[in-house]
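Student: Dropping a structure here in structure tokens format, bear with me for questions.
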Amino acid sequence: MENKPALSLSNLSVRYGRGCTFCEASDNELQGNRCPHCGSIWAVRNVSLQVYPGEILGVVGESGSGKSTLVQALYMDVEPVSGDYRLNCYQDGAANVFKVSLPQRKMVRHLMLGMVYQNPHMGLRMGFSVGANVAEKLIAAGSRNVQEMTRRTAELLAHMEVPLDRVKEPPKHFSGGMQQRVQIAKAVANNPPMLFLDEITTGLDLSVQARVLDLVRRIQQELGITMLIVSHDLAVIRMLASRTLVMLGGRVIESGLTDQILEDPQHPFTQILVHSLLS
């Protein structure tokens with residue numbers, strides 16, 4: 001693992017609402033993540049993190065903790081109110097990705113980032129064929145050779161154990177686990193150096209969860225993709241992540257090696273999470 005982070009994020013905040021002088025002062029305490037004066041929701045508040053090349057960083061927390069908003073901000077699905085976001089693969093980390101032009105942000109998103117959503121409906125066009133879904137990512141990155149896109153799509157789907165005789169079917173005909181496999185194939189189509197995964201096992205049967213997690217681990221090992229994986233389930237994080245951040249109320253409340261957090265959690269909320277995993 002290299003010393004220079006693949007991704008470096010400083011002081012990210014995402015707010016829903018107009019904000020006010022009280023809640024914009026970072027030292028003031030909110031009620032959960034809601035401002036008691038203006039009612040604004042601070043889904044993420046002053047979060048900083050680093051992910052190193054080839055690492056899987058886990059982010060764990062309860063529903064509403066801000067973990068999904070965090071990863072959506074990194075994939076530029078939501079607009080932050082503040083934050084410094086550097087990618088080593090983009091201008092050698094010299095530019096704040098949040099501040100560059102819209103065409104440049106789109107280029108970063110299409111070429112350098114992949115995203116697998118909790119709800120496959122957010123990552124896939126359910127009425128289009130599986131092949132068209134994967135090709136969409138390739139086209140967004142500038143590919144125009146139909147023969148090459150067909151070859152790449154078949155290669156990816158085979159790698160994700162999606163039957164090639166179903167390439168012309170729409171994802172809406174697939175099971176939840178198979179839809180996640182198609183999402184992963186689409187997300188890695190352009191060999192992005194960075195992959196985000198948001199609650200990818202939620203709603204899946206235990207046996208299907210295990211197969212999806214095994215697939216994630218295998219592609220990380222084979223392709224060397226740096227990953228940030230978000231989950232409410234510490235068991236998922238334990239299986240995949242070497243380091244873990246724990247979020248509560250839009251903030252990071254604890255961070256460290258995953259084994260360290262499991263063996264000696266410091267924050268009371270983390271202690272509850274670990275207890276629920278072990279009980």
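The values are calculated or read from the model by the stated rules, or taken from the named source; none is laboratory data. Remember, it's a predicted structure, so these values are computed and weren't measured experimentally. Positions of Cβ are backbone-derived with ideal geometry, glycine not excepted, and every protein chain shown enters the neighbour counts. To get the accessible areas, we keep the full protein, side chains included, count just its heavy atoms, and leave off ligands, DNA and RNA. Shrake-Rupley method; radii C 1.70, N 1.55, O 1.52, S 1.80 Å.
Student: Show me the trypsin sites (Lys or Arg not before Pro) within the range 146-234 that DSSP assigns to loop and that have at most 11 other Cβ atoms within 10 Å of their Cβ. Mind showing how you got there, number by number?
Tutor: Numbers: sites: ARG151, ARG152, ARG166, LYS168, LYS172, ARG181, LYS186, ARG211, ARG217, ARG218; in loops: LYS168.
Here the sparse-neighbourhood loop sites are LYS168.
Student: Among ASN191, VAL246, PRO103, which residue has its Cα furthest toward the positive end of the charge dipole of the chain, with +1 on Lys/Arg Cβ and -1 on Asp/Glu Cβ?
Tutor: Towards the positive end, the residue furthest out is PRO103.
Student: Quick one: of the DSSP bridges fully inside the chain, what percent are antiparallel, nearest 5?
Tutor: On the way: 20 of 39 bridges.
About 50 percent, rounded to the nearest 5.
Student: With r defined as the distance between the Cβ atoms of ASN46 and ASP165 and R0 fixed at 41 Å, what FRET efficiency is calculated, to the nearest 0.05?
Tutor: E between ASN46 and ASP165, to the nearest 0.05, is 0.25.
Student: Using a 1.4 angstrom probe, figure out how much accessible area the range 7-278 has per residue, in square angstrom, rounded to the nearest whole.
Tutor: Working: 12250 Å² over 272 residues.
Result: 45 Å² of accessible area for each residue.
Student: Right, something else. For the chain, modelled as a GNM with alpha-carbon contacts under 10 angstrom, which of VAL252, VAL116, VAL100 fluctuates the most?
Tutor: Among VAL252, VAL116, VAL100, the largest GNM mean-square fluctuation belongs to VAL100.
Student: Which distance in nm do the two modelled labels at HIS173 and THR21 give, with both placed 7 Å along the Cα-to-Cβ direction?
Tutor: 6.2 nm
Student: Could you state how much accessible area GLU155 has, in square angstrom rounded to the nearest 10, with a 1.4 Å probe and all protein chains kept in place?
Tutor: Looks like 80 Å² after rounding.
Student: Could you tell me what a quarter of the Cα convex hull surface of the chain works out to, in nm² with one decimal place?
Tutor: Details: hull surface 62.0 nm².
Mean orientational projected area (the chain, Cα hull): 15.5 nm².
Student: Describe numerically, in nm with one decimal, the distance between label points set 7 Å from Cα along Cα→Cβ at CYS38 and at ASN191.
Tutor: 4.6 nm
Student: Here is a follow-up. Roughly speaking, what is the stretch gain from GLU155 to LEU223, that is 0.36 nm per residue apart minus the C-alpha to C-alpha distance, in nm to one decimal? Intermediate values should be presented prior to the final figure.
Tutor: Numbers: separation 68, 0.36 × 68 = 24.48 nm, distance 1.37 nm.
The span from GLU155 to LEU223 would gain 23.1 nm if fully extended.
Student: A follow-up question, please. Enter the accessible area of PHE22 (Å², nearest 10), with the probe set to 1.4 Å and all protein chains included.
Tutor: It works out to around 60 Å².
Student: FRET efficiency for GLN104 and ASP77, Cβ-Cβ distance as r, R0 = 22 Å, nearest 0.05? Let's see the in-between values first.
Tutor: Working: r = 17 Å, r/R0 = 0.76.
Efficiency at R0 = 22 Å is approximately 0.85.
Student: Okay, next question. Ordering MET227, MET76 from largest to smallest accessible area (1.4 angstrom probe), what's the sequence?
Tutor: Numbers: MET227 0, MET76 40 Å².
Of MET227, MET76, the descending order of accessible area is MET76, MET227.
Student: Next up: Could you look at the range 7-278 and say what percent of its accessible area is carbon and sulfur, using a 1.4 Å probe and all protein chains?
Tutor: Numbers: 6110 of 12250 Å².
Of the solvent-accessible surface of the range 7-278, carbon and sulfur hold 50 percent.
Student: Expected output is a single nm value to one decimal: the length gained when fully extending between GLN266 and SER242, i.e. 0.36 nm times separation in residues minus the C-alpha distance. What is it? Don't jump to the answer; show the numbers that get you there.
Tutor: On the way: separation 24, 0.36 × 24 = 8.64 nm, distance 1.78 nm.
Taking 0.36 nm per residue and subtracting the Cα distance, the gain is 6.9 nm.
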